[in-house]
Amino acid sequence: MRTNGGFLITKIKQLGDRIFERVLGEKNIDAFNGAQGRILYVLWQEDGIPIKVLSDRCGLAITSLTTMLERMEKQGLLSRVQGTGDKRKTLLYLTEKAHALKPEYDEVSTQMGQIYYQGFSEEEIRCFEGYLDRVRKNLEAWQEQ
């Protein structure tokens with residue numbers, strides 16, 4: 001059986017990233033870009049995590065994160081704190097400025113959801129997200145091998 005799901009997922013990600021940036025621009029949000037929004041999203045869920053955990057959760061390589069985190073620190077969005085138990089471990093914390101951006105991010109995220117799921121029923125959305133979660137789990141299991 002010939003499939004093209006991988007290609008479609010890649011194309012959807014590329015288009016979604018471009019549209020996310022466009023929506024940020026339309027809303028005059030310049031405090032963060034799309035990639036930084038992924039980092040903020042993860043840290044809004046759990047603040048004070050190591051860089052490795054952030055890398056795993058947002059799907060960005062540590063080498064890519066390093067420059068982004070430096071830029072975000074200069075922008076006053078996050079701070080790095082040396083771990084108390086393990087001095088080699090650096091923990092990332094959002095600043096008050098970053099916490100204040102969450103409503104703007106949520107607004108953009110809601111609009112993106114409306115764009116993604118336009119014309120879908122609630123049942124179709126539930127099924128689709130279930131399928132995507134299965135694909136994610138398959139990829140994570142394969143990566144761990």
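What the table below lists for this structure:
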quantity	calculated
Rounded tilt (10° steps) of 5-26 against the dominant C-alpha axis of the chain	60
Peptides 72-85, 109-122, 35-48 ordered by average Cβ neighbours within 10 Å, highest first	35-48, 72-85, 109-122
Neighbour-count order for Phe7, Phe20, Phe128, fewest beta carbons within 10 angstrom listed first	Phe7, Phe128, Phe20
Stokes-Einstein D (µm²/s) once Rh is taken as the Kirkwood radius of region 36-95 over alpha-carbon pairs, at 4 °C in 1.567 mPa s	114
Contact order relative to length of the chain, as percent, for alpha carbon pairs under 8 angstrom and 6 or more apart	20
Relative contact order (%) - criterion: Cα under 8 Å, at least six apart; region: region 70-112	30
Angle in degrees between helix 122-144 and the longest Cα principal axis of the chain, rounded to the nearest 10	60
Nitroxide proxy distance, nm - points 7 Å out along Cα→Cβ at Met1 and Ser64	3.0
Spin-label pair Leu139/Asp86, simplified geometry with 7 Å Cα→Cβ offset, distance in nm	2.6
Set of lysines near Lys13 by C-alpha distance (under 23 Å), chain-local residues within fewer than 8 positions excluded	Lys27, Lys52, Lys102, Lys137
Folded to 0 to 90 degrees: helix 62-74 orientation relative to the chain principal axis, Cα	60
Expected 222 nm ellipticity per residue - DSSP helices of 4 or more, -39500 (n - 2.57), all of the chain, to 500	-22000 deg cm²/dmol
Kirkwood Rh in Å, taken over all unlike Cα pairs in region 1-73	13.8
The chain: projected area of the alpha-carbon convex hull, averaged over directions, in nm²	11.2
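A short reminder: the numbers here are calculations on the coordinates, not readings from a lab. The structure displayed is predicted, hence computed values, not measured ones. Cβ coordinates were reconstructed from backbone atoms using ideal geometry, including for glycine residues, and neighbour counts include every protein chain displayed.
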